[in-house]
1. Say we look at the range 9-24 and pick out the residues that are in contact with an Asp or Glu (Cβ under 8 Å, 6 or more places away or on another chain) and open to solvent by 30 Å² or more (accessible area, probe 1.4 Å); which of these is modelled with the highest pLDDT?
2. In the range 87-102, which residues are out of contact with any His (no Cβ under 8 Å at 6 or more places or on another chain) and either surrounded by fewer than 23 Cβ atoms within 10 Å (Cβ to Cβ) or more than 14 Å from ASP19 (Cβ to Cβ) (or both)?
3. Hey, among PRO159, PRO177, which residue is more than 15 Å from the chain's Cα centre (by Cα), at negative phi and not polar (S, T, N, Q)?
4. In the list ARG58, ARG117, ARG138, which residue meets the criterion of being modelled with pLDDT of 90 or more and more than 30 Å from LYS171 (Cβ to Cβ)?
5. With (1) closer than 30 Å to GLY144 by Cβ; (2) within 18 Å of the chain's Cα centre (by Cα) as the list, and THR95 as the residue in question, which single condition is left unmet?
6. Specify the residue that is modelled with the highest pLDDT; the eligible residues are those in the range 149-172 that are under 20 Å from TYR18 (Cα atoms) and in a loop (DSSP other than H, G, I, E, B).
7. Would you be able to tell me the number of residues in the range 25-44 that are surrounded by fewer than 16 Cβ atoms within 10 Å (Cβ to Cβ), at negative phi and in a loop (DSSP other than H, G, I, E, B)?
8. Looking only at the range 45-61, how many residues end up being of a type in the set (Ser, Thr, Tyr), surrounded by fewer than 18 Cβ atoms within 10 Å (Cβ to Cβ) and either within 25 Å of ARG204 (Cα to Cα) or in contact (Cβ under 8 Å) with a residue 40 or more places away in the chain (or both)?
Amino acid sequence: IGVFQLSKGKNRICGDCYDSFTDQHGHLYIILSDGMGSGVSAMQESHAALTLMAQGLRAGYTRAQALDVVNALMLMCTGREMYATMDLCVVDLHTGEAAFEKLGACASYVVRDGEVRSIGSDTLPVGVLPDVEVKSLRMTLNEGDVVIMITDGVIDSYPGGEEELQETVQKCAWLHPKAVGERLIAGALESGEARDDMAVLCARVVRTMLH
């Protein structure tokens, strides 16, 4: 797993947060969250949402239950509107089965043998509506597959939009996961200074022999 981030303009703090961990059953959780706006305030929102989500999953909540808790607590926040995207990928490390669940998040990409597959869902972020609408998109990952998760600051900066981004993904997916993020964000910056916080989380599937 590799991550590369860049903050908007002269901000020193990126509003996009991420986490990854493995549970006792051999499931890998990869989470990416984008708070409203950029900088410190966005980081506080995305970090709060992501921390609550990770704590719920670690405590044994189902993904749906954890998302409900995050959504309810963010709706209870007073003083100003507060929401954050939630981008979750869960992989069974024994079978390769993966589930992608998105709330307001950008499409993710799975690269296999040079082909790029887009995995997206039209849903609202957490903290917007009382009820969470979750769509679980599933596929089986193979050895060598590359999973790429991004925030909207990346795709919005590509002049050619998602088509140009996918072309760049296809060209650089063979690189080290962190280098993939560096290359994708470098491509986004070709249009000028970052207009929003950016984050790319990349994971490559490798086979490990247990002894």
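The values are calculated or read from the model by the stated rules, or taken from the named source; none is laboratory data. Keep in mind it's a predicted model, so treat the numbers as computed, not measured. Neighbour counts are summed over all protein chains in view; Cβ atoms, including those assigned to glycine, are modelled from backbone coordinates with ideal geometry. Quick note on the areas: whole protein, heavy atoms, side chains included, nothing else; ligands and nucleic acids left out. Shrake-Rupley method; radii C 1.70, N 1.55, O 1.52, S 1.80 Å.
1. Once the filter is applied, the top-ranked residue is GLY9.
2. Correct list: HIS94, THR95, GLY96, GLU97, ALA98, ALA99, PHE100, GLU101, LYS102.
3. The unique qualifying residue is PRO159.
4. ARG58
5. With respect to (1) closer than 30 Å to GLY144 by Cβ; (2) within 18 Å of the chain's Cα centre (by Cα), THR95 is out only on (2).
6. Among residues in the range 149-172 that are under 20 Å from TYR18 (Cα atoms) and in a loop (DSSP other than H, G, I, E, B), the one modelled with the highest pLDDT is THR151.
7. 1
8. 1
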